[in-house]
């Protein structure tokens, strides 16, 4: 009889342990998935911010008539903002809105809101027109016109 009681206790203990493990495992995996996804989105935003800022800085350094284009993927909706000396990409992740910034040698005030996920091409050119930041589907055009002097 004692052997049978031990087996029954062992079965009950095993069932409780399996239930506990499935509940705990599910709660451990979801935060890790969110953190991994957020890290990937922020990494893409960092790459995009550095690529666009590098293109703007390169065109500004090369002078009148310079053009540079860069392509980059974004797997999440995002916003682009240019100010006098900073390029900012904002995106919403699980912990809230995060901003990724890169420094600019030349900037102007402009922004594009609610850009969808996709692979974008940013074309930066020194233009005879005024400073502008426009979007056409997955193409972002940045015209810069620094004051010559």
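The values are calculated or read from the model by the stated rules, or taken from the named source; none is laboratory data. This is a predicted model, so every value here is computed, not measured. So basically every Cβ, Gly included, is an ideal-geometry build from the backbone, and we count neighbours across all protein chains shown.
Would you be able to say whether some residue in the range 42-50 is farther than 30 Å from residue 146 by Cα and without any contact (Cβ under 8 Å) to a residue 40 or more places away in the chain?
So the first thing to find is which residues in the range 42-50 are farther than 30 Å from residue 146 by Cα, and the list is 42-43.
Restricting the remaining residues to those that are without any contact (Cβ under 8 Å) to a residue 40 or more places away in the chain gives 43.
Checked the range 42-50: at least one residue is farther than 30 Å from residue 146 by Cα and without any contact (Cβ under 8 Å) to a residue 40 or more places away in the chain.
Quick one: is residue 12 in a helix (DSSP H, G or I), surrounded by 10 or more Cβ atoms within 10 Å (Cβ to Cβ) and at pLDDT 95 or above?
On the way: in a helix (DSSP H, G or I): yes; surrounded by 10 or more Cβ atoms within 10 Å (Cβ to Cβ): yes; at pLDDT 95 or above: no.
Here the answer is no, as residue 12 does not meet what is asked.
Of the residues 137, 130, which single one is surrounded by fewer than 13 Cβ atoms within 10 Å (Cβ to Cβ), without any contact (Cβ under 8 Å) to a residue 24 or more places away in the chain, out of contact with any helix residue (DSSP H, G or I) (no Cβ under 7 Å at 6 or more places or on another chain) and under 30 Å from residue 34 (Cα atoms)?
137
Among the listed residues 118, 110, which satisfies the condition of being more than 17 Å from residue 54 (Cβ to Cβ) and within 13 Å of the chain's Cα centre (by Cα)?
118
Can you report the number of residues in the range 93-117 which are surrounded by 12 or more Cβ atoms within 10 Å (Cβ to Cβ) and touching a strand residue (DSSP E or B) at 6+ places or on another chain (Cβ under 8 Å)?
Total meeting the criteria: 15.
Need pairs with beta-carbon distance below 6 Å; first residue on the phi > 0 side of the Ramachandran plot and in contact (Cβ under 8 Å) with a residue 40 or more places away in the chain and within the range 94-122, second surrounded by 12 or more Cβ atoms within 10 Å (Cβ to Cβ) and not in a strand (DSSP E or B); sequence gap 6+ or separate chains.
Hits for this filter: 118/138.
Looking only at the range 59-66, decide whether some residue is surrounded by fewer than 16 Cβ atoms within 10 Å (Cβ to Cβ) and within 24 Å of the chain's Cα centre (by Cα).
No, that holds for no residue.
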